[in-house]
Protein chains: 2
Amino acid sequence: MAQNIYDNEAFFAGYSQLPRSIEGLDGAPEWPSLRALLPELAGRRVLDLGCGFGWFCRWARAQGAAEILGVDLSERMLTRAKAETRDAAISYVKADLEKFSAAPEAFDLVYSSLAFHYIENMEGLLARIHAALVPNGKLVFSVEHPIYTAPARPGWSVDSAGHSRWPVDSYLDEGPRSTDWLAKGVIKQHRTIGTYVSRLLRAGFVISHIEEWGPSKDQVAAHPDWANERQRPMFLLMACSRSENSP
Amino acid sequence: MAQNIYDNEAFFAGYSQLPRSIEGLDGAPEWPSLRALLPELAGRRVLDLGCGFGWFCRWARAQGAAEILGVDLSERMLTRAKAETRDAAISYVKADLEKFSAAPEAFDLVYSSLAFHYIENMEGLLARIHAALVPNGKLVFSVEHPIYTAPARPGWSVDSAGHSRWPVDSYLDEGPRSTDWLAKGVIKQHRTIGTYVSRLLRAGFVISHIEEWGPSKDQVAAHPDWANERQRPMFLLMACSRSENSP
(Lines give C-alpha, C1' and ligand atoms only; values in the text may rest on other atoms or scores of the structure.)
Protein backbone atom coordinates (compact mmCIF):
# COMPACT_ATOMS: atom_id res chain seq x y z
CA MET A 1 0.00 0.00 0.00
CA ALA A 2 1.22 3.50 -0.84
CA GLN A 3 2.20 5.74 2.09
CA ASN A 4 -0.80 7.90 2.99
CA ILE A 5 1.20 11.01 3.77
CA TYR A 6 -1.61 13.41 2.87
CA ASP A 7 -3.50 12.24 5.95
CA ASN A 8 -0.52 13.06 8.15
CA GLU A 9 -1.64 16.10 10.15
CA ALA A 10 1.51 18.20 9.71
CA PHE A 11 1.83 17.32 6.02
CA PHE A 12 -1.82 18.10 5.35
CA ALA A 13 -1.58 21.43 7.18
CA GLY A 14 1.48 22.38 5.12
CA TYR A 15 0.01 21.12 1.85
CA SER A 16 -3.19 23.07 2.46
CA GLN A 17 -1.15 26.28 2.49
CA LEU A 18 0.46 25.77 -0.94
CA PRO A 19 -0.72 28.07 -3.73
CA ARG A 20 -2.04 25.03 -5.62
CA SER A 21 -4.24 24.15 -2.63
CA ILE A 22 -5.58 27.66 -2.12
CA GLU A 23 -5.86 28.91 -5.72
CA GLY A 24 -6.40 25.52 -7.35
CA LEU A 25 -5.14 24.81 -10.86
CA ASP A 26 -4.11 28.42 -11.45
CA GLY A 27 -1.86 28.19 -8.40
CA ALA A 28 0.14 25.41 -10.10
CA PRO A 29 2.73 26.93 -12.44
CA GLU A 30 2.86 23.80 -14.62
CA TRP A 31 -0.91 23.79 -15.17
CA PRO A 32 -0.92 25.75 -18.47
CA SER A 33 1.52 23.20 -19.93
CA LEU A 34 -0.46 20.24 -18.64
CA ARG A 35 -3.76 21.70 -19.82
CA ALA A 36 -2.31 22.09 -23.31
CA LEU A 37 -1.94 18.29 -23.47
CA LEU A 38 -5.58 17.55 -22.73
CA PRO A 39 -8.07 16.50 -25.40
CA GLU A 40 -11.43 18.18 -25.85
CA LEU A 41 -13.49 17.19 -22.79
CA ALA A 42 -17.08 17.93 -23.79
CA GLY A 43 -19.18 14.80 -23.33
CA ARG A 44 -16.15 12.73 -22.20
CA ARG A 45 -15.71 10.41 -19.24
CA VAL A 46 -12.72 11.36 -17.10
CA LEU A 47 -10.80 9.52 -14.38
CA ASP A 48 -8.56 11.61 -12.10
CA LEU A 49 -6.03 9.49 -10.20
CA GLY A 50 -4.87 11.29 -7.08
CA CYS A 51 -7.60 13.92 -7.31
CA GLY A 52 -6.81 15.63 -3.99
CA PHE A 53 -9.21 18.50 -3.35
CA GLY A 54 -10.98 17.87 -6.66
CA TRP A 55 -9.89 21.03 -8.45
CA PHE A 56 -9.32 19.19 -11.73
CA CYS A 57 -12.59 17.23 -11.46
CA ARG A 58 -14.56 20.47 -11.11
CA TRP A 59 -12.60 22.10 -13.94
CA ALA A 60 -13.22 19.10 -16.22
CA ARG A 61 -16.92 19.37 -15.47
CA ALA A 62 -16.85 23.06 -16.34
CA GLN A 63 -15.35 22.05 -19.72
CA GLY A 64 -18.36 19.86 -20.33
CA ALA A 65 -17.07 16.43 -19.29
CA ALA A 66 -20.06 14.11 -18.90
CA GLU A 67 -18.83 12.01 -16.01
CA ILE A 68 -15.86 12.45 -13.72
CA LEU A 69 -14.46 10.06 -11.15
CA GLY A 70 -11.85 11.29 -8.70
CA VAL A 71 -9.77 8.74 -6.79
CA ASP A 72 -7.59 9.47 -3.80
CA LEU A 73 -6.19 7.69 -0.77
CA SER A 74 -6.56 10.69 1.51
CA GLU A 75 -9.68 10.87 3.63
CA ARG A 76 -8.98 14.50 4.51
CA MET A 77 -8.66 15.56 0.89
CA LEU A 78 -11.75 13.68 -0.26
CA THR A 79 -13.81 15.15 2.56
CA ARG A 80 -13.01 18.61 1.30
CA ALA A 81 -13.44 17.60 -2.35
CA LYS A 82 -16.91 16.22 -1.63
CA ALA A 83 -17.88 19.30 0.37
CA GLU A 84 -17.08 21.51 -2.60
CA THR A 85 -19.44 20.07 -5.14
CA ARG A 86 -23.04 18.87 -5.40
CA ASP A 87 -22.73 18.00 -9.07
CA ALA A 88 -24.03 14.47 -9.71
CA ALA A 89 -21.65 14.10 -12.67
CA ILE A 90 -18.68 14.15 -10.29
CA SER A 91 -18.04 11.33 -7.89
CA TYR A 92 -15.19 10.46 -5.60
CA VAL A 93 -13.85 7.19 -4.33
CA LYS A 94 -11.27 6.50 -1.67
CA ALA A 95 -8.76 3.95 -2.93
CA ASP A 96 -5.07 3.13 -3.09
CA LEU A 97 -3.78 3.59 -6.65
CA GLU A 98 -1.57 0.55 -6.07
CA LYS A 99 -4.76 -1.50 -6.32
CA PHE A 100 -7.60 0.58 -7.77
CA SER A 101 -9.29 -0.84 -10.88
CA ALA A 102 -11.96 0.95 -12.87
CA ALA A 103 -14.51 -0.79 -15.07
CA PRO A 104 -13.06 -1.86 -18.45
CA GLU A 105 -13.08 0.80 -21.20
CA ALA A 106 -15.06 3.15 -18.95
CA PHE A 107 -13.03 6.32 -19.61
CA ASP A 108 -11.89 8.54 -22.48
CA LEU A 109 -9.23 10.31 -20.43
CA VAL A 110 -7.15 9.31 -17.44
CA TYR A 111 -5.50 12.30 -15.78
CA SER A 112 -3.06 12.39 -12.90
CA SER A 113 -1.15 15.26 -11.37
CA LEU A 114 1.91 14.56 -9.22
CA ALA A 115 0.71 11.22 -7.88
CA PHE A 116 2.53 8.48 -9.80
CA HIS A 117 5.88 9.12 -8.10
CA TYR A 118 4.28 7.72 -4.93
CA ILE A 119 3.45 4.46 -6.71
CA GLU A 120 5.68 1.44 -6.32
CA ASN A 121 4.10 -0.86 -8.89
CA MET A 122 3.93 1.37 -11.94
CA GLU A 123 3.61 -1.61 -14.26
CA GLY A 124 0.45 -2.80 -12.52
CA LEU A 125 -1.03 0.69 -12.43
CA LEU A 126 -0.42 1.22 -16.15
CA ALA A 127 -2.01 -2.11 -17.02
CA ARG A 128 -5.12 -1.09 -15.05
CA ILE A 129 -5.19 2.37 -16.66
CA HIS A 130 -4.86 0.79 -20.07
CA ALA A 131 -7.81 -1.50 -19.37
CA ALA A 132 -9.90 1.42 -18.07
CA LEU A 133 -9.43 3.44 -21.27
CA VAL A 134 -11.34 3.08 -24.50
CA PRO A 135 -9.14 2.38 -27.56
CA ASN A 136 -7.45 5.68 -28.49
CA GLY A 137 -8.27 7.00 -24.99
CA LYS A 138 -5.68 9.39 -23.54
CA LEU A 139 -3.46 9.28 -20.48
CA VAL A 140 -2.05 12.67 -19.42
CA PHE A 141 0.03 12.92 -16.27
CA SER A 142 2.72 14.76 -14.38
CA VAL A 143 5.31 13.44 -11.92
CA GLU A 144 8.30 14.90 -10.19
CA HIS A 145 11.18 14.84 -12.67
CA PRO A 146 13.84 12.17 -12.02
CA ILE A 147 16.53 14.87 -11.81
CA TYR A 148 14.51 16.18 -8.88
CA THR A 149 13.87 12.81 -7.23
CA ALA A 150 17.25 11.13 -7.84
CA PRO A 151 19.53 12.66 -5.20
CA ALA A 152 20.02 10.90 -1.91
CA ARG A 153 19.99 14.34 -0.26
CA PRO A 154 18.18 16.71 -2.64
CA GLY A 155 18.91 20.42 -2.48
CA TRP A 156 20.63 23.30 -4.20
CA SER A 157 24.33 23.88 -3.98
CA VAL A 158 25.11 27.61 -4.06
CA ASP A 159 28.62 28.81 -4.87
CA SER A 160 30.34 31.90 -3.49
CA ALA A 161 29.08 33.95 -6.44
CA GLY A 162 25.49 32.99 -5.57
CA HIS A 163 25.05 30.67 -8.56
CA SER A 164 22.79 27.67 -7.84
CA ARG A 165 23.35 24.17 -9.12
CA TRP A 166 21.38 20.99 -8.47
CA PRO A 167 23.76 18.15 -7.65
CA VAL A 168 22.58 14.84 -9.06
CA ASP A 169 23.57 11.43 -7.79
CA SER A 170 22.05 7.92 -7.73
CA TYR A 171 20.15 8.73 -10.92
CA LEU A 172 20.39 5.21 -12.30
CA ASP A 173 19.52 3.56 -9.00
CA GLU A 174 15.74 3.48 -9.06
CA GLY A 175 13.57 2.93 -6.03
CA PRO A 176 12.31 4.68 -2.93
CA ARG A 177 13.63 8.02 -1.71
CA SER A 178 12.80 9.37 1.69
CA THR A 179 12.65 13.17 1.79
CA ASP A 180 11.55 15.76 4.29
CA TRP A 181 9.01 17.87 2.43
CA LEU A 182 6.24 19.33 4.62
CA ALA A 183 6.77 16.32 6.92
CA LYS A 184 9.62 13.96 7.73
CA GLY A 185 10.04 10.72 5.83
CA VAL A 186 7.88 11.30 2.76
CA ILE A 187 8.51 8.29 0.49
CA LYS A 188 8.68 8.83 -3.26
CA GLN A 189 9.65 6.38 -5.97
CA HIS A 190 12.51 7.50 -8.18
CA ARG A 191 12.42 6.17 -11.72
CA THR A 192 14.07 7.43 -14.89
CA ILE A 193 12.34 8.88 -17.94
CA GLY A 194 13.56 5.80 -19.80
CA THR A 195 11.71 3.58 -17.36
CA TYR A 196 8.47 5.57 -17.59
CA VAL A 197 8.66 5.31 -21.36
CA SER A 198 9.42 1.59 -21.48
CA ARG A 199 6.65 0.80 -18.97
CA LEU A 200 4.17 2.85 -21.04
CA LEU A 201 5.17 1.22 -24.31
CA ARG A 202 5.03 -2.25 -22.80
CA ALA A 203 1.55 -1.52 -21.39
CA GLY A 204 0.34 -0.70 -24.92
CA PHE A 205 0.51 3.08 -25.01
CA VAL A 206 1.75 5.28 -27.84
CA ILE A 207 3.83 8.23 -26.64
CA SER A 208 2.61 11.58 -27.92
CA HIS A 209 4.38 14.10 -25.66
CA ILE A 210 7.20 14.31 -23.13
CA GLU A 211 7.96 17.62 -21.48
CA GLU A 212 10.60 18.41 -18.92
CA TRP A 213 8.86 21.22 -17.16
CA GLY A 214 10.33 24.33 -15.63
CA PRO A 215 8.87 27.84 -15.67
CA SER A 216 8.95 29.60 -19.02
CA LYS A 217 11.06 32.73 -19.45
CA ASP A 218 7.80 34.73 -19.28
CA GLN A 219 6.87 33.10 -15.98
CA VAL A 220 10.31 33.88 -14.57
CA ALA A 221 9.94 37.52 -15.69
CA ALA A 222 6.68 37.65 -13.69
CA HIS A 223 8.15 35.70 -10.72
CA PRO A 224 11.88 36.45 -10.57
CA ASP A 225 12.24 34.14 -7.54
CA TRP A 226 11.47 31.18 -9.83
CA ALA A 227 14.64 31.72 -11.89
CA ASN A 228 16.47 28.77 -10.32
CA GLU A 229 13.71 26.46 -11.44
CA ARG A 230 15.14 26.73 -14.97
CA GLN A 231 18.46 25.26 -13.79
CA ARG A 232 16.85 21.82 -13.68
CA PRO A 233 13.34 20.58 -14.53
CA MET A 234 11.07 20.04 -11.56
CA PHE A 235 8.29 18.10 -13.26
CA LEU A 236 7.91 15.64 -16.08
CA LEU A 237 4.71 15.88 -18.14
CA MET A 238 3.65 13.09 -20.44
CA ALA A 239 0.78 12.41 -22.80
CA CYS A 240 0.05 9.13 -24.53
CA SER A 241 -2.84 7.14 -25.89
CA ARG A 242 -4.02 3.60 -25.67
CA SER A 243 -3.13 2.23 -29.07
CA GLU A 244 -5.97 1.01 -31.21
CA ASN A 245 -4.65 -2.52 -31.52
CA SER A 246 -3.21 -3.08 -28.10
CA PRO A 247 -2.55 -6.43 -26.46
CA MET B 1 28.17 24.17 -40.88
CA ALA B 2 28.96 21.95 -37.90
CA GLN B 3 32.33 22.44 -36.22
CA ASN B 4 34.79 19.93 -37.72
CA ILE B 5 36.59 19.21 -34.46
CA TYR B 6 37.61 15.68 -35.46
CA ASP B 7 39.99 17.15 -38.01
CA ASN B 8 41.66 19.24 -35.30
CA GLU B 9 45.08 17.64 -34.84
CA ALA B 10 45.10 17.56 -31.03
CA PHE B 11 41.50 16.35 -30.83
CA PHE B 12 42.09 13.65 -33.42
CA ALA B 13 45.22 12.45 -31.64
CA GLY B 14 43.33 12.25 -28.35
CA TYR B 15 40.25 10.65 -29.88
CA SER B 16 42.40 8.03 -31.62
CA GLN B 17 43.62 6.87 -28.20
CA LEU B 18 40.14 6.22 -26.74
CA PRO B 19 39.18 2.57 -26.21
CA ARG B 20 36.36 2.99 -28.74
CA SER B 21 38.87 4.09 -31.39
CA ILE B 22 41.33 1.27 -30.69
CA GLU B 23 38.99 -1.61 -29.88
CA GLY B 24 36.02 -0.43 -31.96
CA LEU B 25 32.47 -1.16 -30.90
CA ASP B 26 33.56 -3.44 -28.05
CA GLY B 27 35.52 -0.54 -26.60
CA ALA B 28 32.30 1.47 -26.23
CA PRO B 29 30.56 0.47 -22.98
CA GLU B 30 27.14 1.52 -24.30
CA TRP B 31 27.44 -0.65 -27.42
CA PRO B 32 25.64 -3.74 -26.02
CA SER B 33 22.63 -1.55 -25.16
CA LEU B 34 22.67 0.18 -28.54
CA ARG B 35 23.09 -3.10 -30.43
CA ALA B 36 20.03 -4.48 -28.61
CA LEU B 37 17.93 -1.76 -30.30
CA LEU B 38 18.94 -2.70 -33.83
CA PRO B 39 16.68 -4.63 -36.19
CA GLU B 40 17.83 -7.70 -38.09
CA LEU B 41 20.35 -6.43 -40.67
CA ALA B 42 20.62 -9.26 -43.18
CA GLY B 43 19.86 -7.91 -46.66
CA ARG B 44 19.17 -4.40 -45.34
CA ARG B 45 20.41 -1.01 -46.49
CA VAL B 46 22.06 0.96 -43.72
CA LEU B 47 23.04 4.62 -43.37
CA ASP B 48 25.53 5.51 -40.62
CA LEU B 49 25.55 9.23 -39.82
CA GLY B 50 28.84 10.22 -38.23
CA CYS B 51 30.52 6.95 -39.12
CA GLY B 52 33.99 7.91 -37.90
CA PHE B 53 36.48 5.09 -38.47
CA GLY B 54 33.72 2.89 -39.94
CA TRP B 55 33.58 0.30 -37.14
CA PHE B 56 29.78 0.13 -37.28
CA CYS B 57 29.71 -0.01 -41.09
CA ARG B 58 32.03 -3.03 -41.09
CA TRP B 59 30.06 -4.68 -38.27
CA ALA B 60 26.76 -4.14 -40.14
CA ARG B 61 28.29 -5.76 -43.21
CA ALA B 62 29.39 -8.73 -41.09
CA GLN B 63 25.74 -9.06 -39.99
CA GLY B 64 24.76 -9.39 -43.62
CA ALA B 65 23.65 -5.84 -44.45
CA ALA B 66 23.44 -5.54 -48.25
CA GLU B 67 24.56 -1.96 -48.62
CA ILE B 68 26.10 0.45 -46.13
CA LEU B 69 26.78 4.14 -46.52
CA GLY B 70 28.91 5.89 -43.91
CA VAL B 71 28.82 9.68 -43.74
CA ASP B 72 31.25 11.85 -41.83
CA LEU B 73 32.63 15.36 -41.94
CA SER B 74 36.12 14.35 -40.91
CA GLU B 75 38.64 13.77 -43.66
CA ARG B 76 41.03 12.11 -41.23
CA MET B 77 38.45 9.62 -40.03
CA LEU B 78 37.19 8.75 -43.50
CA THR B 79 40.73 8.22 -44.76
CA ARG B 80 41.23 5.56 -42.12
CA ALA B 81 37.74 4.11 -42.62
CA LYS B 82 38.38 3.71 -46.35
CA ALA B 83 41.79 2.18 -45.76
CA GLU B 84 40.24 -0.51 -43.59
CA THR B 85 37.88 -2.05 -46.08
CA ARG B 86 37.80 -3.15 -49.68
CA ASP B 87 34.18 -4.34 -49.50
CA ALA B 88 32.16 -2.91 -52.40
CA ALA B 89 29.00 -3.02 -50.26
CA ILE B 90 30.41 -0.33 -47.97
CA SER B 91 30.91 3.20 -49.20
CA TYR B 92 31.80 6.44 -47.51
CA VAL B 93 30.97 10.01 -48.26
CA LYS B 94 32.33 13.17 -46.74
CA ALA B 95 29.48 15.51 -45.84
CA ASP B 96 28.17 17.84 -43.16
CA LEU B 97 25.14 16.27 -41.44
CA GLU B 98 23.64 19.77 -41.24
CA LYS B 99 23.10 19.45 -45.00
CA PHE B 100 23.50 15.84 -46.12
CA SER B 101 20.51 14.33 -47.96
CA ALA B 102 20.27 10.72 -49.05
CA ALA B 103 18.09 9.46 -51.88
CA PRO B 104 14.41 9.13 -50.86
CA GLU B 105 13.43 5.84 -49.18
CA ALA B 106 16.90 4.44 -49.84
CA PHE B 107 17.50 2.93 -46.38
CA ASP B 108 15.97 0.46 -43.94
CA LEU B 109 18.01 1.68 -40.98
CA VAL B 110 19.61 4.97 -40.08
CA TYR B 111 22.14 4.63 -37.27
CA SER B 112 24.11 7.31 -35.50
CA SER B 113 26.44 7.10 -32.54
CA LEU B 114 27.27 10.24 -30.56
CA ALA B 115 26.98 12.64 -33.48
CA PHE B 116 23.61 14.41 -33.19
CA HIS B 117 24.68 16.55 -30.22
CA TYR B 118 26.98 18.37 -32.64
CA ILE B 119 24.04 19.26 -34.88
CA GLU B 120 22.40 22.66 -34.67
CA ASN B 121 19.41 22.09 -36.93
CA MET B 122 17.98 18.85 -35.55
CA GLU B 123 14.61 19.52 -37.15
CA GLY B 124 16.14 19.68 -40.63
CA LEU B 125 18.26 16.59 -40.04
CA LEU B 126 15.27 14.55 -38.84
CA ALA B 127 13.20 15.59 -41.86
CA ARG B 128 16.02 14.38 -44.14
CA ILE B 129 16.42 11.12 -42.21
CA HIS B 130 12.67 10.57 -42.40
CA ALA B 131 12.74 11.03 -46.17
CA ALA B 132 15.72 8.68 -46.51
CA LEU B 133 13.93 5.84 -44.71
CA VAL B 134 11.43 3.43 -46.16
CA PRO B 135 8.05 3.38 -44.35
CA ASN B 136 8.56 1.48 -41.08
CA GLY B 137 12.32 2.01 -41.43
CA LYS B 138 14.20 2.43 -38.14
CA LEU B 139 16.26 5.23 -36.65
CA VAL B 140 18.55 4.18 -33.79
CA PHE B 141 20.90 6.71 -32.25
CA SER B 142 22.86 7.79 -29.22
CA VAL B 143 23.73 11.28 -28.01
CA GLU B 144 25.29 12.70 -24.91
CA HIS B 145 22.57 12.85 -22.24
CA PRO B 146 21.25 16.36 -21.49
CA ILE B 147 22.23 15.96 -17.81
CA TYR B 148 25.75 15.59 -19.15
CA THR B 149 25.60 18.46 -21.64
CA ALA B 150 23.54 21.00 -19.63
CA PRO B 151 26.06 22.47 -17.16
CA ALA B 152 27.85 25.65 -18.04
CA ARG B 153 30.96 24.15 -16.40
CA PRO B 154 30.51 20.38 -16.44
CA GLY B 155 32.34 18.29 -13.88
CA TRP B 156 32.00 16.24 -10.70
CA SER B 157 31.70 17.80 -7.32
CA VAL B 158 33.33 15.61 -4.67
CA ASP B 159 32.53 16.10 -1.01
CA SER B 160 34.88 15.56 1.92
CA ALA B 161 33.67 11.95 2.26
CA GLY B 162 34.68 11.29 -1.36
CA HIS B 163 31.09 11.09 -2.64
CA SER B 164 30.65 12.40 -6.20
CA ARG B 165 27.71 14.40 -7.46
CA TRP B 166 27.09 15.94 -10.88
CA PRO B 167 25.86 19.52 -10.44
CA VAL B 168 23.28 20.45 -13.05
CA ASP B 169 22.44 23.97 -14.14
CA SER B 170 21.05 25.64 -17.28
CA TYR B 171 19.16 22.45 -18.13
CA LEU B 172 16.19 24.25 -19.64
CA ASP B 173 18.33 26.69 -21.60
CA GLU B 174 19.02 24.84 -24.82
CA GLY B 175 21.75 25.73 -27.25
CA PRO B 176 25.49 25.55 -27.72
CA ARG B 177 27.90 24.56 -24.97
CA SER B 178 31.62 25.00 -25.32
CA THR B 179 33.64 22.39 -23.45
CA ASP B 180 37.26 21.40 -23.28
CA TRP B 181 37.29 17.70 -24.11
CA LEU B 182 40.41 16.48 -25.89
CA ALA B 183 40.72 20.00 -27.29
CA LYS B 184 39.66 23.48 -26.23
CA GLY B 185 36.34 24.91 -27.38
CA VAL B 186 34.49 21.80 -28.57
CA ILE B 187 30.95 22.97 -29.39
CA LYS B 188 28.03 20.69 -28.54
CA GLN B 189 24.32 21.45 -28.73
CA HIS B 190 22.43 20.93 -25.49
CA ARG B 191 18.82 19.92 -25.90
CA THR B 192 16.43 18.21 -23.50
CA ILE B 193 14.94 14.74 -23.87
CA GLY B 194 11.59 16.47 -24.27
CA THR B 195 12.91 18.37 -27.26
CA TYR B 196 14.39 15.26 -28.90
CA VAL B 197 11.03 13.54 -28.49
CA SER B 198 8.92 16.38 -29.81
CA ARG B 199 11.21 16.88 -32.83
CA LEU B 200 11.01 13.15 -33.60
CA LEU B 201 7.23 13.04 -33.28
CA ARG B 202 6.80 16.14 -35.39
CA ALA B 203 9.07 14.67 -38.07
CA GLY B 204 6.76 11.64 -38.28
CA PHE B 205 8.54 9.08 -36.13
CA VAL B 206 7.00 6.68 -33.61
CA ILE B 207 9.05 6.33 -30.43
CA SER B 208 9.91 2.74 -29.54
CA HIS B 209 12.69 3.09 -26.96
CA ILE B 210 14.34 5.71 -24.75
CA GLU B 211 17.24 4.68 -22.54
CA GLU B 212 19.23 6.83 -20.18
CA TRP B 213 22.47 4.94 -20.32
CA GLY B 214 25.00 4.33 -17.62
CA PRO B 215 27.03 1.19 -17.00
CA SER B 216 25.07 -1.75 -15.63
CA LYS B 217 25.85 -3.07 -12.16
CA ASP B 218 27.66 -5.98 -13.86
CA GLN B 219 29.80 -3.58 -15.87
CA VAL B 220 30.67 -1.66 -12.71
CA ALA B 221 31.62 -4.92 -10.98
CA ALA B 222 34.04 -5.58 -13.86
CA HIS B 223 35.28 -1.94 -13.97
CA PRO B 224 35.01 -0.51 -10.44
CA ASP B 225 36.33 2.86 -11.68
CA TRP B 226 33.09 3.29 -13.65
CA ALA B 227 30.95 3.41 -10.49
CA ASN B 228 30.44 7.17 -10.68
CA GLU B 229 28.90 6.79 -14.12
CA ARG B 230 25.77 5.46 -12.40
CA GLN B 231 25.34 8.76 -10.49
CA ARG B 232 24.06 10.36 -13.68
CA PRO B 233 23.43 9.02 -17.19
CA MET B 234 26.13 9.83 -19.70
CA PHE B 235 24.31 8.87 -22.89
CA LEU B 236 20.79 8.89 -24.21
CA LEU B 237 19.84 6.03 -26.56
CA MET B 238 16.73 6.20 -28.69
CA ALA B 239 14.99 3.99 -31.20
CA CYS B 240 12.05 4.93 -33.35
CA SER B 241 10.50 4.15 -36.68
CA ARG B 242 9.18 6.09 -39.59
CA SER B 243 5.46 5.68 -39.22
CA GLU B 244 3.64 3.99 -42.03
CA ASN B 245 1.35 6.89 -42.80
CA SER B 246 3.65 9.83 -42.26
CA PRO B 247 3.21 13.31 -43.69
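The values are calculated or read from the model by the stated rules, or taken from the named source; none is laboratory data. Please read all numbers here as calculations on a predicted model, not as lab measurements. Because the Cβ atoms are built from the backbone with ideal geometry, glycine has one as well, and the counts that use them run over all protein chains shown.
Does residue B:170 count as part of a loop (DSSP other than H, G, I, E, B) and either buried (at least 22 other Cβ atoms within 10 Å of the Cβ) or among the polar types (S, T, N, Q) (or both)? Answer is yes for this residue.
Criterion applied to B:11, B:100 was being in contact (Cβ under 8 Å) with a residue 60 or more places away in the chain and either small (Gly, Ala, Ser) or not in a strand (DSSP E or B) (or both), and the one residue passing it is B:11. Set side by side, the residues B:182, B:172, B:201 differ, and just one is modelled with pLDDT under 95 and either farther than 16 Å from residue B:149 by Cα or touching a Gly at 6+ places or on another chain (Cβ under 7 Å) (or both), which is B:182.
In the stretch B:140-161, the residues that are within 11 Å of another protein chain (Cβ to nearest Cβ) and farther than 21 Å from residue B:185 by Cβ form Cβ pairs under 8 Å with partners that are in a strand (DSSP E or B) and aromatic (Phe, Trp, Tyr), at six or more places apart or across chains, as follows: B:145/B:213; B:145/B:235; B:147/B:166; B:156/B:166; B:157/B:166. The residue list A:36, A:62, A:66 contains one member that is surrounded by fewer than 22 Cβ atoms within 10 Å (Cβ to Cβ) and over 30 Å from residue A:218 (Cα atoms), which is A:66. Against the numbered list (1) part of a helix (DSSP H, G or I); (2) surrounded by fewer than 22 Cβ atoms within 10 Å (Cβ to Cβ); (3) away from chain B (no Cβ under 14 Å), residue A:198 comes up short only at (3).
On inspection, residue A:211 qualifies as among the acidic types (Asp, Glu), facing another protein chain (nearest Cβ under 10 Å) and crowded, with 16+ Cβ neighbours inside 10 Å.
A search for C-beta distances below 7 Å between a residue of the stretch A:226-247 that is at positive phi and any residue that is modelled with pLDDT under 95 and of a type in the set (A, V, I, L, M), counting only pairs 6+ apart in sequence or on different chains, returns nothing. I'm checking my understanding of the structure. Among residues of the stretch B:175-195 that are of a type in the set (D, E, K, R) and in a strand (DSSP E or B), which one is farthest from the other protein chains (Cβ to nearest Cβ)? The extreme case among them is B:184.
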